[in-house]
Protein chains: 2
Amino acid sequence: MQFTSELLLDDGVLERQFSLGETPGTLWTPGSAPAPLILMAHNNGLPKGEPRLVARARHTAACGYAVATIDAPGCGDRPRSAADEQARADLRRAMRAGRPVDEIFESFVGPLVEKAVPEWRTTLDALLSLPEIDGPVGYSGWTAVGIRLAVVEPRIAAAGFFAGGYVPRAQREEARQVTIPLLFLLQWDDEGNPRQRALDLFDAFGSKAKTLHANPGGHVGTPWFEVEDGVRFYGRHLK
Amino acid sequence: MQFTSELLLDDGVLERQFSLGETPGTLWTPGSAPAPLILMAHNNGLPKGEPRLVARARHTAACGYAVATIDAPGCGDRPRSAADEQARADLRRAMRAGRPVDEIFESFVGPLVEKAVPEWRTTLDALLSLPEIDGPVGYSGWTAVGIRLAVVEPRIAAAGFFAGGYVPRAQREEARQVTIPLLFLLQWDDEGNPRQRALDLFDAFGSKAKTLHANPGGHVGTPWFEVEDGVRFYGRHLK
């Protein structure tokens, strides 16, 4: 893991870019190190520099957590194939037209999840070797990657998932194997995530401690207080 | 309003029993008066002395709110008619047997709500004349009474509703007229509150700011952290 740049924020949070093999990432650490770690992944591989993710990560770090994110293969700063670009364009077009997207989603996002999860685990190994990180590990964000990680990675102790209307079949089927505490956050009118499917997924999780939060509005309309509720959820399970 | 007894709790909260005409009630006030007021009603007229309500009220008062509850007509310490007793027994028997309860519910709880709401408004008038109460008013608990109060009583600024699977038809129809901020709390496996009906009710509320919280388990299994989340909800809207 090589740190390539760093920025000290007003609230004492240190924001560092890193690379780990071909994987670029960002690590936020609070002044009060060592701190428990939260892996923060943006739904469907949006770039790690996406402003909403960065705002969430900075706030969470200021509350006393180390937070890390990486770009998934073919996402963010990483090279993307013509096939990826085509699949993304097809997906966007189908969604805009209100056509069924399951097939495109399955063939595009399914493999993306399969490729992303091992990279998250390698990143986790590297992060846990840093002296400024200690304690249990949480996960936040991209539902499909989080389900897979929660099933295969025993170091993940609690997870917050966002959206979850469209999740590849493999992860929908794995949901009942997830048993860690969950906070499942849903936008009630999310144009890209059918509500009933998200509710069915919440129902399917095997966790005894799972909480659903839902608010009106579209995909990007989550109220800020949900970020604060998320921090309190991690406080119950990681501290 | 006559205070009939008082108890000073460890955390500085003063718990007083009162009577207002035929209505018996309890008022909790924090050391830090004057405080905003929360009206706390137990679903379907359970007694004001019910331990879960008392625990919730004491905690909320310790967080800086005045909290008041009253016994609805025919509930708690108030005289009840043979017809009430019969209806309650019928309702319990039908629920236990898994038979449809809509009709019994409608004929028993519907009038209970109609009788309870004016008493809550009279109680609100009396409470707001006390020097230890000041500021906006919140509501917590019994969904049907809360809907009716939110529609007819402009002094209610925010409300937390619990359950909401069985709500009289009149209140289901009024739900879209409710426009104040809401926190809608649901037990995912509530044996007495069909989940889909509760979700439909959440959907129907006219409020732009409404948040759904759901946790697994039956009617009385709500995790304690939801009480704390409730206090933060009131903090956003009443302070």
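All of the numbers you see were taken from the coordinates with simple rules; none came from a lab. Keep in mind it's a predicted model, so treat the numbers as computed, not measured. Positions of Cβ are generated from backbone atoms using ideal geometry, with glycine treated the same way; all protein chains shown enter the neighbour counts.
Taking Cα centre as origin and charging only the Cβ of basic (Lys, Arg, +1) and acidic (Asp, Glu, -1) residues, the dipole magnitude of chain A rounds to 420 debye. How high is the relative contact order of the range A:69-123, in percent, with contacts defined as C-alpha pairs under 8 Å that are six or more residues apart? For the range A:69-123, the relative contact order is 37 percent.
Per-residue Karplus couplings for the range A:225-236, computed as 6.51 cos²θ - 1.76 cosθ + 1.60 with θ equal to phi - 60°, are listed in order as 4, 5, 5, 5, 4, x, 4, 5, 4, 5, x, 6 Hz, Gly and Pro entered as x.
Sorted from nearest, the other copies put their B:Arg236 label points 1.6 nm away, the label point being 7 Å from Cα in the direction of Cβ. Label point of A:Glu173 (7 Å along Cα→beta-carbon): distances to the other copies' equivalent points are 4.9 nm, sorted ascending.
Each residue of the range B:180-189 was assigned a 3J(HN,Hα) from its phi angle through the Karplus expression (A = 6.51, B = -1.76, C = 1.60, θ = phi - 60°), giving 6, x, 10, 10, 10, 9, 9, 8, 4, 10 Hz with x at Gly and Pro.
Size check on the protein assembly as shown: the Cα extents along the three principal axes, sorted descending, read 76, 47, 34 Å.
Relative contact order of the range B:1-101: 23 percent, from C-alpha pairs under 8 Å at least 6 residues apart in sequence. Close amide-amide hydrogen proximity is noted between A:Ile133 and A:Ala35, each under 5 Å apart and 5 or more residues distant or on a separate chain (H modeled in the peptide plane; Pro and chain starts excluded).
The residue among B:Leu91, B:Leu53, B:Gly192 whose Cα reaches farthest toward the positive pole of the charge dipole of chain B, with charges on the beta-carbon of Lys, Arg, Asp and Glu, is B:Gly192. Put simply, the amide H of A:Ala158, placed in the peptide plane, has neighbours under 5 Å in A:Tyr139, leaving out anything fewer than 5 places away on its chain. Each of B:Gly135, B:Leu112, B:Leu124 was scored by the projection of its Cα onto the charge dipole of the range B:110-160, and the greatest displacement toward the positive side belongs to B:Leu112; charges sit on the C-beta of Lys, Arg, Asp and Glu.
Using a 7 Å projection from Cα along Cα-to-Cβ, the label point at B:Gln86 is separated from the same position in the remaining copies by 7.6 nm, smallest value first.
What does the charge dipole of the range A:46-167 about its Cα centre add up to, to the nearest 20 debye, if the Cβ of each Lys and Arg holds +1 and the Cβ of each Asp and Glu holds -1? Mind dumping the intermediate values first?
Numbers: 15 positive and 15 negative charges, 84 e Å.
In total the dipole reaches around 400 debye.
Mean separation of Cα pairs under 8 Å and 6 or more residues apart, divided by the residue count, gives chain B a relative contact order of 16 percent.
If one takes the longest principal axis of the Cα atoms in chain B, at what angle in degrees, from 0 to 90 and to the nearest 10, does the Cα axis of helix B:195-204 lie? The two axes meet at around 60 degrees.
Karplus-based coupling profile of the range B:144-156, in residue order and whole Hz: 5, 5, x, 4, 4, 4, 4, 7, 9, 10, x, 7, 7, with θ = phi - 60° in 6.51 cos²θ - 1.76 cosθ + 1.60 and x standing for Gly or Pro.
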